[in-house]
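The values are calculated or read from the model by the stated rules, or taken from the named source; none is laboratory data. In this text, all values refer to a predicted model and were calculated from it rather than measured experimentally. Ideal geometry is used to build each Cβ from the backbone, glycine not excepted, and the neighbour counts take in all protein chains shown. SASA here: full protein model, heavy atoms, side chains in, ligands and nucleic acids out. Shrake-Rupley method; radii C 1.70, N 1.55, O 1.52, S 1.80 Å.
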Amino acid sequence: MTDTTKKTKAPAKPRKIAAKKSEVTAIDQPKGVSHEEVATLAHRFWAERGHRHGNHVDDWFRAEQELRGKAS
């Protein structure tokens, strides 16, 4: 007599959920301010700090805040 064993199915792969473009834009980009404007101002702040690395995120957020204040 032969032993029969049941084969188990592999677990289902998780599905990737695509974010809607409008949601990403609303989170990443302040209204009325272009990416280029923020990048230009953040670069200026970096230059004013003597081109020292390590605070690029702070420069970016500062540029967004300043431009958002002007846009309002």
Check: What are the residues in the range 24-50 that are outside any helix (DSSP H, G or I) and either at pLDDT below 90 or open to solvent by less than 40 Å² (accessible area, probe 1.4 Å) (or both), if any?
Finding: Q29, P30, K31, G32, V33
Next item on the list: Output the qualifying pairs, or none if there are none: Cβ atoms under 6 angstrom, residues six or more apart or on different chains, first residue in the range 37-57 and closer than 21 Å to G69 by Cα, second residue among the small types (G, A, S).
Entry: V38/A63; L41/A63; A42/A63
